[in-house]
Amino acid sequence: MIAERLNTREAGDLMDELNAHRLRLSYGAHLVRVTHKDMQGWMPQVRPAKPLTIDPDPALAELVDAIRQGGQQAYRRLLAVLRELKTLPAGSELFKQALAELSRAQGVVLGNVGVFVAASVDPAALMHSKAALAQALVRQGLVERAVRGGGDGLPTLRGIVAQTIAGVCAEEQVLVFAERVWCLRYLAQTLRERHGVDARAGDGSVPTDEFEQLKQQFTAGEYPVLCLSPAGQEGLNLQTASCIVNLDLPWTPNGLDQRVGRAARPGAARGWVQTFIPYIRGGGVEHIVSILAPRAGESHQILDSFDGVKAAESTVAGQLAEISGQVGDSKQQAGFQATAARLKVAASVFGA
């Protein structure tokens, strides 16, 4: 990507100091990075994230297993189409039809990944999904059982997270982040109805003026919990919060850095920001970590460590260090040795 955007020979290998020096000379201010280390005197301390591993209840385990089976079938179909495509003459009618089928198969596989993650965070979100697999699971009754499977009539993770936030928000403000809007809406509803906590959700469906009002009221301390979708994960000054809960994780290191940056800003209410990552063992967040952590490890090696930033001083490294090791152990026990090895490398880069 860097090579394509800069279109220079030197961009091909930024680990070479000579190439990096040439790029700095050529692009000047475009390659000057202001790091967290440079801002340390004005910023709160971002404490390492605390992963909270939660075992699935029987109903959720059954749902997740059904999703895995459906995902495996879709992936095998994708591989079969790829093999067929290689045998067809390029440009022929059959080749074009196979390309169209490949596109459909890819869409199904990606959609199933989304279903897997959503079910792991809050299975009730599947009732609003248009994915064929999600709709089939709803018809089979698996989703309804998982929604009530936590023992208190709630999904397991939502019930635990809501109870934890209710215990924290009496003393500090909390930001909750997720990529999936319905997961946030259900959590906010549970906090209000079960725990009497004034929790509000901000997502892309909220009009701009209302969203601005939500932000202003939160920073004024009028309510303690703000749940934000990707629409609110960049550019907002919410440094009155000192606790962050990640219901899921973004697919890129920058997305995670942006989440933390909503609270970890100059003028923060406290001298520290603490983040939590609650996740279901063997669920979709583990899959995200298996992709996100190696990407973040490469990013740290190329950018942060290149600028002299140690892992202990890197926000993303601090967020992923412990959970990378945990998920690596989980993947190894499940027999995914290559994925486990990549996660172990990432964890070592992060200083875990």
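None of the figures in this text is laboratory data; all of them are computed from the coordinates on show. All values derive from a computational prediction rather than experimental measurement. All Cβ positions, even for glycine, are placed from backbone atoms using ideal geometry, and neighbour counts span all protein chains on display.
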Based only on Cα atoms, what Rg/Rh ratio does segment 58-147 have, Rh being taken as Kirkwood's radius?
1.12
Using 0.36 nm times the number of residues separating residue 152 and residue 234, minus their current alpha carbon distance, what extension gain do you get?
26.0 nm
Along the charge dipole of segment 248-352, Cβ charges K/R +1 and D/E -1, which of 263, 253, 314 sits furthest on the positive end?
263
Pull up the cross-link candidates among the lysines for residue 310, meaning alpha carbon to alpha carbon under 28 Å and not fewer than 8 places away within one chain.
37, 50, 331, 344
Looking at segment 83-188, which GluC sites (Glu not before Pro) are in a loop (DSSP not H, G, I, E or B) and have at most 10 other Cβ atoms within 10 Å?
171
[x] 62, 61, 43; [y] 64, 60, 30; [z] 110, 56, 32, with the label sought being that of the calculated Cα extents along the principal axes in Å:
[x]
What distance in nm separates the two pseudo spin-label positions at residue 348 and residue 205, each 7 Å out from Cα along the beta-carbon direction?
4.7
By counting other Cβ atoms within 10 Å of each Cβ, how are 251, 182 ranked from fewest to most?
251, 182
Ranked list, fewest to most other Cβ atoms within 10 Å of each Cβ, for 244, 323, 291
291, 244, 323
Leading residue at positive end of dipole, segment 51-166 (Cβ point charges), from 140, 88, 56
88
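To make sure I understand, if each residue's beta carbon is the centre and we count other beta carbons within 10 Å, what order do 309, 161 fall in, fewest to most?
On the way: 309 19, 161 25.
The fewest-first ordering by Cβ neighbours comes to 309, 161.
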Of all the stretches in the chain, which is the longest one without any exposed loop site, taking trypsin sites (Lys or Arg not before Pro) in a DSSP loop (any state but H, G, I, E, B) with at most 13 other Cβ atoms within 10 Å?
131-309
What would the Debye equation give as log₁₀ I(q)/I(0) for segment 282-352 at q = 0.28 Å⁻¹, counting only Cα atoms as equal point scatterers?
-1.19
